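> Before I ask anything, let me first share the structure, which is written out below as structure tokens.
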Amino acid sequence: MRFLVDAEQRAFGASLDAMLTAADTPAVIRDWSRGDHARGRALWSRVAKAGVFALAVPEAYEGLGMRPVELTLAFVELGRHAVPGPLVETVAAAALLAGLDDQGPAKRWLPALASGESAATLTTGPYALDADMAGLRLTISSSLSGPAAVAPTELRLAPPPGPPLRSLDPARRLFPADPHHGELLATDPGSLAPALLLARLTTAAQALGVGLALLDRTVSYVGQRTQFGTPIGSFQAVKHRLADAEVALEFARPLLLGAALTMAPEDVAAAKVTACEAAYTTARTALQLHGAIGYTAEYDLSLWLTKARALRTAWGGPDECRAAVLSGGRRC
């Protein structure tokens, strides 16, 4: 298979990049980390107007229909600029609602998700991302009644959250979630697997964007920082570290786009582990080459460093994704 992004798709990515470059996302991220969502919500609306969330919503609910390739390109740019918020969770929730047998929830929430009027958080565990700003909070769990082997999956509308918990990435605000409480929306929804697959794919795309941003910032930095009167970017060891990071990121890109085309569980798992490991490796390189300043929270690099680490385990860690690849996707 030979796959190239077409001119329209490139223009879409470039327009998002230009819009986010002008948005001063580091300031938005710092506000978001403190629980101040005013500027973040304004940016969320601009992202929605660009059509990002509509790419996961059927046309019947004011969306553009499911377009995984375009979603992937969009999330690379969102990761490149470290845009905060439950981005992955919103598109996954949209895909989940769109596939429910009961179309009531879809009619109720999908138009608002597509337009950016509302955001969604979705969790399969005890923590929900950005549940304080999400208008729609969904939890997925197995019922406690009956044998575990045959316990049905339950989709519930979660109640308002409690106070936030400490998080590795301050911009990824975590809240406790009880998957066994709240209004029951569906049991064993057939759209669950595709929605979780989309969450894994878009997380991989976000991670690739984070890695690309870290590489760009580090290349710029080593060209300015000097030792012995010479830019450290001219040192062979530095060049090798940066070259290794770039190769890892560029190797992940075709896997990611290929997975968006096939949406096969094993392909998505391979893209997830490759993109996230490449971003994590690039983050370690960026931290080492920046030296002590890279450790400071005041320096913008930290906003991407913490995100690279957090995305590595979001929606499937390295071991889980490798197992899915080896099993042909049966463990996703």
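> Looking at the square roots a ≥ b ≥ c of the eigenvalues of the Cα gyration tensor of the stretch 1-104, which shape do they give, rounded for a/c under 1.5, prolate if a/b is larger than b/c, or oblate? Before the final figure, lay out the partial values.
Details: a/c = 2.22, a/b = 1.19, b/c = 1.87.
Oblate shape, in that a/c is at least 1.5 and b/c is the bigger or equal ratio.
> Take the Cα gyration tensor of the stretch 91-133, multiply each eigenvalue by 5, square-root it, and list the three semi-axes largest first, rounded to whole angstrom.
Output for the stretch 91-133: semi-axes of 18, 14, 7 Å.
> Going by a ≥ b ≥ c, the root eigenvalues of the Cα gyration tensor, does the stretch 57-138 fall in the rounded group (a/c under 1.5), the prolate group (a/b larger than b/c) or the oblate group? List each step's numbers first, then the result.
On the way: a/c = 1.77, a/b = 1.14, b/c = 1.55.
It is oblate, given that a/c is not under 1.5 and a/b is not larger than b/c.
> Right, next: Given a Förster distance of 30 Å, report the FRET efficiency between Q288 and M19 from their Cβ-Cβ distance, rounded to the nearest 0.05. Walk me through the numbers before you get to the answer.
Numbers: r = 32 Å, r/R0 = 1.07.
Using R0 = 30 Å, I get an efficiency of 0.40.
> Now, a different point. For the stretch 174-186, just list the computed ³J(HN,Hα) in residue order, Karplus coefficients 6.51, -1.76 and 1.60, θ = phi - 60°, integers in Hz, with x standing in for Gly and Pro.
Residue by residue, the stretch 174-186 yields 9, 10, x, 9, 9, x, 9, 10, x, 5, 7, 9, 7 Hz.
> Need the full-extension length gain, T187 to S234, defined as separation in residues times 0.36 nm minus the C-alpha distance. One decimal, nm. Before the final figure, lay out each step's value.
Details: separation 47, 0.36 × 47 = 16.92 nm, distance 5.94 nm.
Length gained, T187 through S234: 11.0 nm.
> Still on this model: Output needed for the chain: three equivalent-ellipsoid semi-axes, defined as square roots of 5 times the C-alpha gyration tensor eigenvalues, in descending order, whole Å.
Working: eigenvalues 224, 90, 79 Å².
Whole-Å semi-axes of the equivalent ellipsoid: 33, 21, 20.
> Between L261 and D132, 0.36 nm times their residue separation minus their Cα-Cα distance comes to what? Before the final figure, lay out the partial values.
Numbers: separation 129, 0.36 × 129 = 46.44 nm, distance 3.39 nm.
Full-extension gain reported as 43.1 nm.
> Pop out the ³J(HN,Hα) list for the stretch 282-289 in order, Karplus 6.51 cos²θ - 1.76 cosθ + 1.60 with θ = phi - 60°, rounded to Hz; leave Gly and Pro as x.
5, 4, 5, 5, 4, 5, 5, 6
> Just check the stretch 7-190 against the gyration tensor rule for me: Cα atoms, a ≥ b ≥ c as the square roots of the eigenvalues, rounded for a/c under 1.5, and otherwise prolate or oblate depending on whether a/b exceeds b/c. Write down the numbers at each step before the final one.
Working: a/c = 2.19, a/b = 1.35, b/c = 1.62.
The shape class here is oblate.
> Rounded to the nearest 0.05, what FRET efficiency do A297 and Q227 give with R0 = 25 Å and r taken as the Cβ-Cβ distance? Could you check?
Details: r = 25 Å, r/R0 = 1.00.
Computed FRET efficiency for A297 and Q227: 0.50.
> How high is the relative contact order of the stretch 153-241, in percent, counting Cα pairs under 8 Å that sit 6 or more residues apart?
Values: 70 pairs, mean separation 18.9, N = 89.
For the stretch 153-241, the relative contact order is 21 percent.
> Binned at 5 Å from 0, what are the whole-percent values of the Cα-Cα distance distribution for the stretch 193-326, short to long?
2, 12, 21, 20, 16, 11, 8, 5, 2, 1, 0, 0
> Calculate one ³J(HN,Hα) per residue across the stretch 54-62 by plugging θ = phi - 60° into the Karplus curve 6.51 cos²θ - 1.76 cosθ + 1.60, and present them in order as whole Hz with x for glycine and proline.
My calculation for the stretch 54-62 gives 5, 5, 10, 10, x, 4, 4, 10, 6 Hz in order.
> What's the extension gain from S220 to D178 if we count 0.36 nm per residue and subtract their Cα-Cα distance? Working shown, then result.
Numbers: separation 42, 0.36 × 42 = 15.12 nm, distance 4.49 nm.
Gain on extension, S220 to D178, equals 10.6 nm.
> Calculate the spin-label point distance for D102 paired with A243, positioning each point 7 Å from the Cα along the beta-carbon direction, and give it in nanometres.
Result for the modelled spin labels: 6.0 nm.
> Using modelled amide H (1.01 Å from N, peptide plane; none on Pro or chain starts), what sits under 5 Å from the amide H of A186, excluding residues fewer than 5 places away?
L155
> Continuing with the same structure: Name the long-range amide H neighbours of R137: under 5 Å, sequence gap of 5 or more, or other chain; modelled H, no Pro or chain starts.
Counting only residues 5 or more places away or on other chains, the set is T121, A158.
Rule-based calculations on the coordinates, nothing more; no lab input. Given the structure is predicted, the values throughout are model-derived calculations rather than measurements. So basically every Cβ, Gly included, is an ideal-geometry build from the backbone, and we count neighbours across all protein chains shown.
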